[in-house]
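Enquirer: Have a look at the structure that comes next, please.
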Amino acid sequence: MKASAGPVRPCEPRETATIRLIVLKDGGSGAARQTVLETFHRLGTTGEGIEQFRMVALDVPPSADLPRIRKLLEHGEAKGWWHWGEGAVTGAWRATAAA
């Protein structure tokens, strides 16, 4: 007989969005990942770099400059600096796509 982990609960609404970047610039070096973190931090995010995957994960609170963050993400991808994708997103973050 299989043990139950308990009742399934719906996910709580999130206040922060999570954005993942695969850093391509300088081969995703530690310095390149740190520069990405510092650049987005100035726009109000927090985050961490993950060396194994040349990746940066950004936590984007609603107080961050969401339109500028999206614009920078799109600009950096067009320049070949990174690929990015949305992890968990919020309504406020989704609204920047339409802007």
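The values are calculated or read from the model by the stated rules, or taken from the named source; none is laboratory data. The structure displayed is predicted, hence computed values, not measured ones. When we count neighbours, we look across all protein chains shown, and the Cβ atoms used for this are built from the backbone with ideal geometry, even at glycine. All accessible areas refer to the heavy atoms of the entire protein, side chains included, with ligands and DNA or RNA removed. Shrake-Rupley method; radii C 1.70, N 1.55, O 1.52, S 1.80 Å.
Enquirer: I'm trying to understand the selection: among the residues of the stretch 36-53, which are open to solvent by 80 Å² or more (accessible area, probe 1.4 Å) and either out of contact with any strand residue (DSSP E or B) (no Cβ under 7 Å at 6 or more places or on another chain) or at pLDDT below 95 (or both)?
Expert: Residues satisfying the conditions are GLU38, HIS41, ARG42, GLU51, GLN52, PHE53.
Enquirer: Restricting attention to the stretch 15-38, which residues are under 23 Å from VAL89 (Cβ atoms) and in contact with a Gly (Cβ under 9 Å, 6 or more places away or on another chain)?
Expert: Once the filter is applied, which keeps residues that are under 23 Å from VAL89 (Cβ atoms) and in contact with a Gly (Cβ under 9 Å, 6 or more places away or on another chain), the stretch 15-38 yields ALA17, THR18, ILE19, ARG20, LEU21, ILE22, VAL23, LEU24, ARG33, VAL36, LEU37.
Enquirer: Can you run down the residue pairs with Cβ atoms below 7 Å, 6 or more apart or on separate chains, where the first is in the stretch 33-62 and of a type in the set (Lys, Arg) and the partner is in a strand (DSSP E or B)?
Expert: ARG33/VAL23; ARG33/GLY49; ARG33/VAL56; ARG54/ILE22; ARG54/VAL23
Enquirer: Can you pull out the residues in the stretch 39-61 that are under 28 Å from GLY91 (Cβ atoms), part of a loop (DSSP other than H, G, I, E, B) and either of a type in the set (S, T, N, Q) or over 13 Å from the mean Cα position of the chain (by Cα) (or both)?
Expert: Those that are under 28 Å from GLY91 (Cβ atoms), part of a loop (DSSP other than H, G, I, E, B) and either of a type in the set (S, T, N, Q) or over 13 Å from the mean Cα position of the chain (by Cα) (or both): ARG42, THR45.
Enquirer: Looking at the stretch 71-89, which of its residues are within 16 Å of THR16 (Cβ to Cβ), open to solvent by 20 Å² or more (accessible area, probe 1.4 Å) and either free of Cβ contacts under 8 Å to residues at least 60 places away in the same chain or β-branched (Val, Ile, Thr) (or both)?
Expert: If the condition is that a residue be within 16 Å of THR16 (Cβ to Cβ), open to solvent by 20 Å² or more (accessible area, probe 1.4 Å) and either free of Cβ contacts under 8 Å to residues at least 60 places away in the same chain or β-branched (Val, Ile, Thr) (or both), then VAL89 is the only one that fits.
Enquirer: Turning to a different aspect of this structure: What are the residues in the stretch 54-70 that are closer than 13 Å to LYS25 by Cα and either open to solvent by 70 Å² or more (accessible area, probe 1.4 Å) or in contact with a helix residue (DSSP H, G or I) (Cβ under 7 Å, 6 or more places away or on another chain) (or both), if any?
Expert: Hits for the stretch 54-70 are ARG54, VAL56.
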